Every structure is written in structure tokens, then in C-alpha cells.
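Chemist: One structure, as C-alpha cells, below. Some questions next.
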């Protein structure tokens, strides 16, 4: 009897197609070490680990529009407002103001472009005003606010 004429139930069955396992939609984020939060609503904005460490010696302390500030490499839970050119002590910069996503409080600004070649290392950095952040740690422990010189970005 040829294989074509074999009864249907005696045919060899193929294995079933494996079904994809149900995966969670998202996983919980790891806790942010040494977080800095918005002073008004306590939303996490950045971390002490994101402070820019390789700053040229002549530009160690920064001042924002409302006081002392520091450069950070990353931020969370912030909104960037439309960019505009601002003339600072160190030259013209294209800045986008940063606000808290939760409470819309002013936090600082992102330096999108520095028009002076000597200031180009600041591009794509976040200058956050320390007066607007909840600061549970000593600022001098890692070099923030070590002096009061007047370098404005």
C-alpha cells in the first residue's frame, strides 16, 4: 500500500508550534543612586553620578539665572522648552530651558550649541540650578559648589 493511501490517523503528526511566552510589558527600573529631585514636587531629576567630571580647570563653578549651578550629563522627568540664543559671560549659546514634567517648575537649561569653539565641550549638557533641586547630600562631598566664582556657563 503506497504512503498516499494510508489512513489519516496513521500519519505521523508534526510537533506543535511553540507559543511565545507571555512577557511583562515593562520591568521595574533600578533605583537611581544618590538622586537629586525637584524641590517643589520631589520628582527625581538626575543623580550625583551624572555630574560632569571632566570640566576644564578654568570653568569649575557655574552660575545659572538664579544662583549656583552644575553641569550634568543626563536628566529624567524633564521637559525642554523651545531653544533660543542667550548671550552669557563666556559667549553666545543656544539654550533650551528645562522644566519639571510633573510640576513645570524651572530647573535650568540644556546647552544645545556653543558658538565659541572653546566652549563646545558644553554642548548637549544640562546646566541645572542647585537652588531648584532637593539636595539631601553635602554638595562639597563631590566637588559641587566648591567656590563662588562668577563663570556663567
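The values are calculated or read from the model by the stated rules, or taken from the named source; none is laboratory data. Quick caveat: nothing in here was measured; it's all calculated off a predicted structure. We place every Cβ from the backbone using ideal geometry, glycine too, and count neighbours over all the protein chains shown.
Chemist: (1) free of Cβ contacts under 8 Å to residues at least 12 places away in the same chain; (2) on the phi > 0 side of the Ramachandran plot: which one isn't true of residue 124, the others all being true?
Modeler: In the conditions (1) free of Cβ contacts under 8 Å to residues at least 12 places away in the same chain; (2) on the phi > 0 side of the Ramachandran plot, residue 124 misses (1) alone.
Chemist: Please find, among 105, 114, 96, the residue that is over 18 Å from residue 50 (Cβ atoms) and free of Cβ contacts under 8 Å to residues at least 40 places away in the same chain.
Modeler: 114
Chemist: Turning to a different aspect of this structure: Tell me, yes or no, whether region 30-42 has at least one residue that is assigned to a loop (DSSP other than H, G, I, E, B), at pLDDT below 85 and within 22 Å of residue 112 (Cβ to Cβ).
Modeler: no
Chemist: Shifting gears a bit: Condition first: at pLDDT 90 or above and on the phi > 0 side of the Ramachandran plot. Now tell me which residues in region 78-110 satisfy that.
Modeler: Listed by number, the residues that qualify are 104, 108.
Chemist: Oh, and also: I'd like the full set of residues that are assigned to a strand (DSSP E or B) and under 11 Å from residue 116 (Cβ atoms), limited to region 88-103.
Modeler: Across region 88-103, the qualifying residues are 88, 91, 92, 93.
Chemist: Could you go through region 127-143 and let me know if any residue there is at pLDDT 85 or above, assigned to a loop (DSSP other than H, G, I, E, B) and under 21 Å from the mean Cα position of the chain (by Cα).
Modeler: Within region 127-143, not a single residue is at pLDDT 85 or above, assigned to a loop (DSSP other than H, G, I, E, B) and under 21 Å from the mean Cα position of the chain (by Cα).
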